[in-house]
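The structure appears right after this line, and notes come after that.
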Amino acid sequence: MAEIDGRENAHSAEDRAVSAEARAAIFKSLLEFAPDAIVVIGGDGRIRLVNTQAEAMFGYARGELLGQPVEVLLPESLKSIHAEHRRHYSAQPRTRPMGVGLDLAARRKDGTEVPVEISLSPLETVEGRLITSVIRDVTERKRAQEELATRATQQAVVAELGRRALSGTDLAILMDEAVASVARTLRVERASVLELLPDGDAFLLRAGVGWKDGIVGQATVGTGTRSHAGYTLLVDEPLSVTDLGEETRFECPPLLRDYGVVSLASAILYVQNRPFGVLDAHASRGQAFTPDGVNFLQAVANVLAAAIERKRGEQLQRERDLLRAEQMAAVGQVAASVAHELRNPLTAIKGLVQVNRREAESCGLPSEDLRVIEEEIRRMERTLQTFLDFARPPEPERHPQGLGELLDRTLALVRGRIEERKVSLVLQRRSAPVMVDVDGNQIQQLLLNLVLNALDAMP
């Protein structure tokens, strides 16, 4: 029996030894083939064990990490406080899962930093307590989250500009808001609206942000391959350039060179199926504009183009209404003159009919036909009087108002035609407001007629 018991004890010890080896092999396989980087740290804060994923993530060979303090994997800004955090954790060890809302980063061998999530688990061994750190690179997740947040911001900007456009915001103000939104959203120093001039030989800097005083409304760039804007129209699609210094498809305009522009993106504004110009974003540092960024720029350009087209349509309709009103007023004046001239002979005819009717009645002759003629003449007179009353201008409704406001309203009505004709209209204001007691509508019509007649007389 003793011999049998001895053999059984020997087999049990051997089985336990095999099981320990098997467990070690399993642990090693789990460690090496784990999808995340694993770093095991001793109580002294030094690295005891790493897996293949940790080598790949941090760029170190395994031998370079073993025995090193764990702070070698931390950014410089966190090294000074990490030792204190480690002491607190060692005093109260607990399992900390990933995704607990901490904004963590690790440092690679080449000095670059990577956003990570880290779970910690204490492990008691015969050699003392070990801390297992499972580290996950969340660069792609962070990038996806940032892209979603950026896209949401861009969509909100486009929606707000669209709302402002539909609310009737002045076109110049809308352009200023658009370029400011583009610069802020795309994080560039400058943005601009370049309007293609009627002769097609240049673009005018119509609106912009980030430019020196006096540049907007004055500076121009060339068309065709003489500028990025001209090239954008040639290829008929949005343009994105990371480094203007390496660009060979078109020339860098002196305006952009003077401001040190390095990167840019451009989108076309189409108004009534014709190019109005381009919307630009300019960066003074090398910046690769993402497809989402270029699409955002094009969306803003589309909002501006729709607003410009709408304003032009409204301006054209106002001019048509004014012309129709002038024509009707002229017709009314002619008709009133004709009616006045007709009333005089009708009065004479009516008088003769009345005289002849009285003589006929006194002589006992039939006068019924003369009576009918007199009644018809009276009916014609009433009709003419009604027409004259209608054609007579209404009584003025006078009240005090600023003459400057009347002038501003008049200029707003003719600004489109002035720009189209390339005529300069100069308004010289007094420093103090000028108040007048007038009928505003009549004075505005008077001023409008003067301006329109002056425009028609210009070359």
Open item on the list: Angle check, please: helix 368-391 long axis (alpha carbons) against the longest principal axis of the chain (alpha carbons), in degrees 0 to 90, nearest 10.
Closed with: 40 degrees
Task: Surface accessible to a 1.4 Å probe, residue 311 within the full protein complex, Å² - done: 50 Å²
Open item on the list: For the ranges 424-435, 116-127, what's the packing order if you count other beta-carbon atoms within 10 Å of each residue, average per peptide, and put the highest first?
Closed with: 116-127, 424-435
TODO: Please report, in whole Å, how far the alpha carbons of region 83-226 spread along each principal axis, starting with the longest.
DONE: 88, 38, 26
Task: Modelled FRET efficiency - R0 22 Å, residue 212 with residue 295, Cβ distances, 0.05 increments - done: 0.15
Open item on the list: For the pair residue 248/residue 383, report the inter-label distance in nm, with labels modelled 7 Å from Cα in the Cβ direction.
Closed with: 8.4 nm
Open item on the list: List residues of region 153-191, by number, whose backbone nitrogen lies under 16 Å from a label position 7 Å along Cα→C-beta of residue 321.
Closed with: 168
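How would you order 367-375, 290-298, 252-260 from highest to lowest mean count of nearby Cβ atoms within 10 Å?
Top of the packing list down: 290-298, 252-260, 367-375.
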Task: Nearest-10 value in Å² for the accessible area of residue 246, using the 1.4 Å probe - done: 140 Å²
Open item on the list: Helix 2-33 against the longest principal axis of the chain: what's the angle in degrees, Cα atoms only, rounded to the nearest 10?
Closed with: 30 degrees
TODO: Based on the mean of other Cβ atoms within 10 Å per residue, sort peptides 234-241, 188-195 so the most packed one is first.
DONE: 188-195, 234-241
- [ ] Using Cα positions and a limit of under 24 Å, work out the lysines in reach of residue 109, with same-chain residues fewer than 8 apart set aside.
- [x] 79, 142
- [ ] Determine ³J(HN,Hα), in whole Hz, for all residues of region 406-411 in sequence, where each value follows from phi through the Karplus function 6.51 cos²θ - 1.76 cosθ + 1.60 and θ = phi - 60°; x replaces Gly and Pro.
- [x] 5, 5, 4, 5, 5, 5
Task: Residues of region 324-364 with amide N under 12 Å of a point placed 7 Å along Cα→Cβ from residue 371 - done: 358, 361
- [ ] Using θ = phi - 60° and the Karplus relation 6.51 cos²θ - 1.76 cosθ + 1.60, list the HN-Hα couplings for region 142-154 in order, rounded to whole Hz, with x at every Gly or Pro.
- [x] 4, 5, 5, 5, 5, 5, 5, 5, 5, 5, 5, 4, 4
Open item on the list: Spelling out what I want: for every residue of region 282-288, take phi, set θ = phi - 60°, compute 6.51 cos²θ - 1.76 cosθ + 1.60 (Karplus), and round to whole Hz; glycine and proline get x.
Closed with: 10, 10, 8, 10, x, 9, 8
- [ ] Take the Cβ-Cβ distance between residue 82 and residue 155 as r, set R0 to 41 Å, and report the resulting FRET efficiency rounded to the nearest 0.05.
- [x] 0.55
Task: Residues of the chain: accessible area per residue with a 1.4 Å probe, Å² - done: 61 Å²
Open item on the list: Straight-line reach from residue 422: which lysines fall under 23 Å, measuring Cα to Cα and dropping same-chain residues less than 8 apart?
Closed with: 311
TODO: Determine the principal axes of the Cα atoms in region 256-369, then give the extent along each, sorted from largest to smallest and rounded to whole angstroms.
DONE: 113, 28, 15
Task: Calculated FRET value between residue 426 and residue 284, using beta carbons and R₀ = 51 Å, to 0.05 - done: 0.85
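Work out, step by step, the length gained on full extension between residue 346 and residue 436: first 0.36 nm times the residue separation, then minus their alpha carbon distance; give nm to one decimal.
Value of the extension gain: 28.0 nm.
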- [ ] Apply the Kirkwood formula to the chain: the hydrodynamic radius equals the inverse of the mean of 1/r over all pairs of different alpha-carbon atoms; give it in Å with one decimal.
- [x] 31.5 Å
Task: Size of region 309-459 as Cα extents on the principal axes (Å, biggest first) - done: 81, 33, 28
Task: Value of Rg to Rh for region 156-253 (Rh from inverse mean 1/r over Cα pairs, i.e. Kirkwood) - done: 0.98
TODO: Could you let me know the centre-to-centre spacing of region 156-198 and region 283-336, using Cα atoms, in angstrom?
DONE: 14 Å
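The values are calculated or read from the model by the stated rules, or taken from the named source; none is laboratory data. As the structure is a prediction and not an experimental result, all values here were calculated from the model. Cβ atoms come from the backbone with ideal geometry, glycine included; neighbour counts cover every protein chain shown. Surface areas here come from the heavy atoms of the whole protein model, side chains and all, with no ligands, DNA or RNA. Shrake-Rupley method; radii C 1.70, N 1.55, O 1.52, S 1.80 Å.
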